[in-house]
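Down below is the structure, laid out as structure tokens.
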Amino acid sequence: MRLCRALPLLMLLTSCTTTHIPGLDQILFPNSSAKVGPLVTADEQYPVSDETTTPVPDDELLVEPISDSPEALKNDDSVQASRSKAKPESVTQVAVPEVAPTPMLDGDDINAPIENGEPQKLLERKSQQQAPTAMPKETEPMETKIYGGAVSGQVVLIAEGGKALAAGGTLITLTPTSSNGDSQSGSSKTHVIDMEDKEYKPRYSTINAGDQIVFVNKDNIRHNVFSSSGNNAFDLGTYGAGLKRAVTLKESGVVKIYCNIHADMATFVAVGNQGLSAETDDQGRYQISQIPPGTYDMSIWNIRGETKRTVEMRANETLKLVDQIDTNAFKIETHKNKFGGNYSKNATLFEDEFY
């Protein structure tokens, strides 16, 4: 009797076709502060409240993906810099009306005697010269604005034999060691990362803590978006073409994002505290402006290596930095899937996905 009851379940689990069991496609990260939004269609305005959800067909709710995979990241595509270019707020100046200079009379002296028999005319001229001029209204003294400092730097990747490599795609983040007073507060922004041709586009991004990233599936196959990066870990589950889902990242640092189906898909996001993050250009150059005075931990991350330093920022000063990353120890390693296991090379997950 027990065998008869267990047989259908055994056949279900060993079947070659995809089994749709709601709730088993996503895994939760209890210690993460990341906030995952609902799954909606690509042309919908993303809801502000996560309580507003759009019904999704059952065939989009899948069992735990059987991982697959070719070798992980081999290409390090460089992306033009998206530098932080915050400009100081303009100081409002009070317009002061111009006062025309009073013409002086040749030879006039207030102590000189009146001569040539023209006292009345000279007095009239003196009176005109000394007529009171309308003065501008008194204004309150302008408040002196202390602007933050700036970092202008370059990152150099050193390979074997001292050869320099292209440093594009290096992510810079500044995290204050303690509260620095005025922070660059502002409303959160929404960023879009597309999944197209089995790639995340763009490959590198910089955002502010509290910003939202929307992942749009533009392929005709399914993708599974996840990250295991510390307190920013999240799992958006698996969804097909024409759908999108968002995550809000609240912790500073570099977030490594993968697809649980396609091991070669990866994108890297630098989350900055107070908006203090930047991406280098192909020459490894970057700039971060309007940094409030204080002490910061600087993280310089590249897929080939990373380094860290502490910087002291002062108002109205630009700190010029050059940092090197030794890449000799870099080795291409396959990353783990979202369950902490290896990608299975010949696994078939969906009818439209074969490896």
What does the extension gain come out to for Lys201 and Gln287, with contour length at 0.36 nm per residue minus their alpha carbon separation? 28.7 nm
Using only the C-alpha atoms of segment 210-342, find the volume of their convex hull and express it per residue in Å³. 137
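Contour minus end-to-end for Thr307 and Gln45, with contour as 0.36 nm per residue of separation and end-to-end as the Cα-Cα distance?
Numbers: separation 262, 0.36 × 262 = 94.32 nm, distance 3.96 nm.
Once the chain is fully extended between Thr307 and Gln45, it gains 90.4 nm.
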For Gly253, what is the net charge nearby, where nearby means another residue's Cβ is under 15 Å from its Cβ and Lys, Arg count +1, Asp, Glu -1? -2
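Filter the cross-link list Lys198/Lys308; Lys163/Lys198; Lys244/Lys338 down to pairs whose alpha-carbon distance in this structure exceeds 30 Å. Don't jump to the answer; show the numbers that get you there.
Values: Lys198/Lys308 32 Å; Lys163/Lys198 32 Å; Lys244/Lys338 19 Å.
Among Lys198/Lys308; Lys163/Lys198; Lys244/Lys338, the Cα-Cα distance tops 30 Å for Lys198/Lys308; Lys163/Lys198.
What number comes out for the charge environment of Ala233, summing +1 per Lys or Arg and -1 per Asp or Glu over other residues with Cβ under 15 Å away? Mind dumping the intermediate values first?
Values: positive: Lys35, Lys250, Lys256, Lys336, Lys338; negative: Asp235, Glu251.
My count for the surroundings of Ala233 gives +3.
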So how far apart, in nm, are the two label points at Glu160 and Asn342 if each is 7 Å from Cα heading toward Cβ? 2.5
Which order do you get for Lys198, Lys218, Lys338, Lys308 if you rank them by accessible area with a 1.4 Å probe, largest at the top? Lys308, Lys218, Lys198, Lys338
Compute the signed sum of charges (Lys and Arg +1, Asp and Glu -1) over the other residues within less than 13 Å, Cβ to Cβ, of Ile207. -1
In nm, the gap between the two label points placed 7 Å beyond Cα toward Cβ at Ala315 and Phe330 is 4.1
Separation of alpha-carbon centers, segment 316-335 and segment 228-249, rounded to whole Å: 28
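The values are calculated or read from the model by the stated rules, or taken from the named source; none is laboratory data. No experiment lies behind these values; they were computed from the predicted model shown. When we count neighbours, we look across all protein chains shown, and the Cβ atoms used for this are built from the backbone with ideal geometry, even at glycine. Heads up: the accessible areas ignore ligands, DNA and RNA and are worked out on the full protein's heavy atoms, side chains in. Shrake-Rupley method; radii C 1.70, N 1.55, O 1.52, S 1.80 Å.
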